[in-house]
Amino acid sequence: MKKLVVGNWKMNGSIESLSEIETLATRHHDSTIDILICVPAPYLVPAKQIAGSLYIGAQDCHTASQGAYTGDVSAYMLSDISASHVIIGHSERRAAHNETNTLVREKALIAQLADLCPIICIGETLSERENEHTLSVIHEQLIGSLDPNLNSSSFVIAYEPVWAIGTGLVPSETEIEEVHGFCRQYLLEQFGNSAEYIQILYGGSVKGSNAERIFALQNVDGALVGSASLLADDFSVIIEALENV
Ligand code: PGA
């Protein structure tokens, strides 16, 4: 399976900072892994123009294909401008926009129908981890967020513990492997043997300093990276760590 590293710019960046993507495109034009940058919607088109062999993706889409939804963007529009992927159900959207598993499930399905690859995010909160509910929460999110009609050849799972995002905290290696192994097992049961090839990414405070250690773990097929993806020099270290696995 090809490895995948995703930069999630969140609501950061500017026309000027798109030069970071240009730098990455030049530096990693013949990479052995897939490199994707998910930029804010206004920058999708200019980012695509300079991305070379890097993929450009979005951070959310609506469940409808078009209509009276002021301020929203449809999966078909993202596909129309040649975005390849869309992040769905990031914990920041689950929390700030009340996105439920059901909504995530609908968004992921329409993203696939529009020829985008959804990156479906799951992860427990700190209190859920402390109360030893991690696997049951993950199980519930997988059941609720993955429609059985999804095509297993084109979606990605991102395990992102909510408490690890933007905090500098990272679960132990055993904890990451436990959740990733649990996800793989669930995917195999639901989607059959082809689920071996579904990329399961880890996200939450991935940095140049810990990437190599995280990428060595079983069933970790790449990463979803927030703040360390904003500058080409920081992100390159993570890209190279995944290339060298
Ligand atoms: P972080 O964010 O790498 O800044 O922790 C990850 C994410 O939210 O996708």
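The values are calculated or read from the model by the stated rules, or taken from the named source; none is laboratory data. All figures in this text were calculated on a predicted structure; none of them were measured in a lab. Please note that ligands, DNA and RNA were not included when accessible areas were found on the heavy atoms of the full protein model with its side chains. Shrake-Rupley method; radii C 1.70, N 1.55, O 1.52, S 1.80 Å.
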Quiz item: Using alpha-carbon pairs under 8 Å, 6+ residues apart, how would you state the relative contact order of the stretch 184-245 in percent?
Solution: 33
Quiz item: So for the stretch 4-243, what are the equivalent ellipsoid semi-axes in whole Å, largest first, each being the square root of 5 times an eigenvalue of the Cα gyration tensor?
Solution: 25, 22, 17
Quiz item: How big, on average over all directions, is the shadow cast by the Cα convex hull of the stretch 68-133, in nm²?
Solution: 5.3
Practice problem: Per DSSP H run of n ≥ 4, the term is -39500 (n - 2.57); total these for the chain, divide by its residue number, and report the mean residue ellipticity at 222 nm rounded to 500 deg cm²/dmol. | Solution: -11000 deg cm²/dmol
Quiz item: Roughly how much of K48 is accessible, in Å² to the nearest 10, using a 1.4 Å probe?
Solution: 80
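Pulled fully out, how much extra length does the chain show between A95 and S82, if you take 0.36 nm times their separation in residues and subtract their Cα-Cα distance?
Here the answer is 1.8 nm.
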Exercise. Express the accessible area of the chain per residue in Å², computed with a 1.4 Å probe while the remaining protein chains stay in the model.
Key: 45
Quiz item: Under 5 Å between amide H atoms, partner at least 5 residues away or on a different chain: which partners does Y55 have, H built in plane at 1.01 Å?
Solution: I35, L36, I37
Quiz prompt | ³J(HN,Hα), Karplus 6.51/-1.76/1.60, whole Hz, each residue of the stretch 55-63, x for Gly, Pro | solution = 8, 10, x, 9, 10, 5, 8, 8, 7
Quiz prompt | Under Karplus coefficients 6.51, -1.76 and 1.60, residue-wise ³J(HN,Hα) of the stretch 24-29 in Hz, glycine/proline x | solution = 4, 5, 5, 5, 10, 5
Practice problem: Return the tail of the calculated pair distribution for the stretch 1-109, meaning the percent of Cα-Cα pairs more than 19 Å apart. | Solution: 46
Quiz item: At a 1.4 Å probe radius, carbon and sulfur cover how many percent of the accessible area of the chain?
Solution: 48
Practice problem: Could you list the square roots of 5 times each eigenvalue of the Cα gyration tensor of the stretch 59-99, that is, the equivalent ellipsoid semi-axes, sorted largest first and rounded to whole Å? | Solution: 19, 14, 6
Practice problem: Would you mind getting the Kirkwood hydrodynamic radius of the stretch 16-61 from its Cα pairs, rounded to one decimal in Å? | Solution: 10.7
Self-check item: More than 24 angstrom apart: percent of Cα pairs within the stretch 58-178
Solution: 29
Quiz item: What residues qualify as long-range amide H neighbours of I87, i.e. H under 5 Å apart, gap of 5 or more or another chain, H built at 1.01 Å from N?
Solution: A58, Q59, D60, I119
Self-check item: Inter-centroid distance (Cα atoms) of the stretch 105-150 relative to the stretch 1-59, Å
Solution: 24
Quiz item: With θ set to phi - 60° and the Karplus curve 6.51 cos²θ - 1.76 cosθ + 1.60, what are the ³J(HN,Hα) couplings of the stretch 100-117 in order, to the nearest whole Hz, using x for Gly and Pro?
Solution: 9, 4, 4, 5, 4, 4, 5, 5, 5, 5, 5, 4, 5, 4, 8, 6, 9, 9
